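Single-structure report; data block below.
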Amino acid sequence: MKDYKKYVIKCQSTGEVIGDFSDWFAMNQTCPDGSKMVTVEYFEDLNELKNIINKKENYKYPQSLWRYFKFLPLYNEKNIISLGEGAIPVNRWTFLEQMAKDAYGVNCKVFVYRNDENQGTGTFKDAAATMAASIMKEHGVKEYVIASTGNIATAYSRYLALAGVSLSVFIPENAQLTHQSEMGTYGQRVFKVKGDYAKAKQLAAEYAQKYNVLISLGNIDPIRVEAKRTMVFEWIRLMEEFPTVYIQALSGGTGPIAIKKGIEEIKDLGFVSKLPRFILAQPHRCNPMAQAWKKAQENNFPEGWLNDYPILKNPQTTIPTLSTGNPTTYPIIASIVKESGGEIISFNEDNAIDIARLATYETTVKVGPAATVALGGFFEALVDGHIKDGDVVLINIGEGAKRSPEFMEEVNYSTKIVSSIDECEKFNRTQYKDEIWKNVLDRYPKKVETK
Ligand SMILES: Cc1ncc(COP(=O)(O)O)c(C=O)c1O
């Protein structure tokens, strides 16, 4: 066996050592027992990680997640392909804290994790993409396939282009036009599939087999998981208290899988003692996991509940990035959520525009459609009593609005068409405030007594 100096990939079900990424790729990303779930273990002393998090280390890559190079599955720093991703701020949004207190009687702290600030493509998929491009450069991978609802493939398109990798992307027909254009502009191949995301996944798998090309393993892909788990290290580094609640828009669930891995990895360092309660929100027109969760909860989580989920064909959600209608990862995600004491909830996507208006009015942060699901999830969670006094809530703003011009047009509420000065009344921006707040709070009347 090779002398693995930095990390090894192990099969999750048997614990068998697979090797490094070159071995994993050579095995067509499949464990000897046929499974695909693996975990990555590092040989570096964990106290080094503690030093990096505590800023005691003289790290070389302060402007990206490569700050954690010693704990990422890449041998040579020269192979790093980075556009400054994963070094994003955590902001405190006191207007949401005030609202939680005034409208729902809940005293909590509210922070947002600003993935819209990622410099690659402005979503939280940039973290996975920098990892993927760097690993592919290191192992000489020149072709790759990915199925995507939009964001992950946009990020991969750009980063893999920088690594000289030819990427074939399979997207469902409801994918946003702007995503498609961006991928094509980077010179990657877009296959727009007549059908939904499940169909796009199927064709991507067939393409990979036909041409013997490596394919992204989706939400469980160790490339994505290893990159995204650095979020945990960053929160410890940036926040005074670790969040007790984590809210994210949910499609397939790489985020929660990676966060759980990150927390388990550092359990002996004394930073975090337990998982935050995962409150994962799905848009109501594509919410198979939320439906399954509700049913399981109503039936007291009966035997077999993890495998009891609906499959939605061609979900007609207005938020195509979250259109995973066949939630194959539900057994994994639901068990993480249950362990954390969290919830999988449904967000009424018809409220997205009002939520986006409120966030941007109060902060000037332009949130993208999927990010409104996370923000709206906070309102839904408040109404349903899932946020408690003393909670430290972290909401993942997974994307900005840059690539969703149609959404931005809808969010705009202030344009008035005029032809004479008489029609131009003197302007004061505070006139909008009451209306914007009312539009949101009317949608979320107080339902339950929390505490
Ligand atoms: C902005 C944004 N938020 C959230 C998600 C959901 O991510 P996951 O369910 O894989 O953790 C996506 C997935 O496409 C996304 O693009």
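The values are calculated or read from the model by the stated rules, or taken from the named source; none is laboratory data. Worth saying up front: this structure is predicted, and the values here are computed from it rather than measured. Note that we place each Cβ from the backbone using ideal geometry, even for glycine, and neighbour counts take in every protein chain shown.
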Q: Determine whether Val418 is over 27 Å from Glu240 (Cβ atoms) and either loosely packed, with under 11 Cβ neighbours inside 10 Å or free of Cβ contacts under 8 Å to residues at least 12 places away in the same chain (or both).
A: yes
Q: Quick one: in region 141-166, of everything that is in a helix (DSSP H, G or I) and within 18 Å of Lys201 (Cβ to Cβ), which residue is nearest to the ligand (Cβ to nearest atom)?
A: Asn151
Q. Any residue at all in region 164-174 that is of a type in the set (Phe, Trp, Tyr) and either surrounded by fewer than 23 Cβ atoms within 10 Å (Cβ to Cβ) or assigned by TED's automatic domain parsing to the domain that holds Ile333 (or both)?
A. no
Q. Has region 293-315 got at least one residue that is in the same structural domain as Ile387 (by TED's automatic domain parsing), under 18 Å from the mean Cα position of the chain (by Cα) and on the phi < 0 side of the Ramachandran plot?
A. no
(Q) Against the definition (surrounded by 24 or more Cβ atoms within 10 Å (Cβ to Cβ) and more than 17 Å from the chain's Cα centre (by Cα)), how does Ala356 come out, yes or no? (A) yes
(Q) Looking at region 134-146, I want the residues that are within 15 Å of Pro73 (Cα to Cα) and have a partner that is part of a strand (DSSP E or B) and modelled with pLDDT of 95 or more with Cβ atoms under 8 Å, at least 6 apart or on another chain. Which pairs are those? (A) Met136/Tyr144
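Rundown of residues vs (1) more than 18 Å from the chain's Cα centre (by Cα); (2) under 16 Å from Ile395 (Cα atoms); (3) assigned by TED's automatic domain parsing to the domain that holds Ala374, yes/no style:
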position	(1), (2), (3)
Asn76	yes, no, no
Ser82	yes, no, no
Asp102	yes, no, yes
Gly105	yes, no, yes
Val112	no, yes, yes
(Q) So Gln119 passes all but one of these: (1) more than 20 Å from Thr185 (Cβ to Cβ); (2) of a type outside the set (Ser, Thr, Tyr); (3) more than 13 Å from the ligand (Cβ to nearest atom). Which condition number does it fail? (A) (1)
Q: Could you grab me the full set of residues in region 284-308 that are closer than 20 Å to Ser251 by Cβ and of a type in the set (Gly, Ala, Ser)?
A: Ala290, Ala292, Ala296
(Q) Suppose the filter is more than 25 Å from Gln202 (Cβ to Cβ) and of a type in the set (S, T, N, Q); does Asn300 pass it? (A) yes
Q: Name the helices (runs of 4 or more DSSP H) wholly inside region 351-451 in which the number of residues that are within 16 Å of the ligand (Cβ to nearest atom) is 1 or more.
A: 352-363, 369-383, 405-411
Q: Specify which of the listed residues (Arg237, Arg224) is more than 17 Å from Gly341 (Cβ to Cβ) and crowded, with 23+ Cβ neighbours inside 10 Å.
A: Arg224
Q: Out of the residues in region 219-233 that are of a type in the set (A, V, I, L, M, F, W, C) and in contact with a helix residue (DSSP H, G or I) (Cβ under 6 Å, 6 or more places away or on another chain), state the one that is nearest to Ile247 (Cα to Cα).
A: Val232
(Q) Restricting to region 60-98, give me the number of residues that are among the hydrophobic types (A, V, I, L, M, F, W, C), farther than 15 Å from Lys228 by Cβ and either free of Cβ contacts under 8 Å to residues at least 24 places away in the same chain or in contact with a strand residue (DSSP E or B) (Cβ under 6 Å, 6 or more places away or on another chain) (or both). (A) 4
Q. Can you pull out the residues in region 240-276 that are assigned to a helix (DSSP H, G or I), away from the ligand (no atom under 16 Å from the Cβ) and buried (at least 19 other Cβ atoms within 10 Å of the Cβ)?
A. Glu265
(Q) Please go through region 1-26 and give me each residue that is touching a Gly at 6+ places or on another chain (Cβ under 8 Å) and of a type in the set (A, V, I, L, M), ordered by number. (A) Met1, Val8, Ile9
Q: Working only within region 277-300, note down all residues that are outside any helix (DSSP H, G or I) and touching a strand residue (DSSP E or B) at 6+ places or on another chain (Cβ under 8 Å).
A: Arg277, Phe278, Ile279, Leu280, Ala281, Gln282, Pro283, His284, Asn287
**Q.** Tally, over region 187-202, of residues that are surrounded by fewer than 18 Cβ atoms within 10 Å (Cβ to Cβ) and of a type outside the set (Phe, Trp, Tyr)
**A.** 6
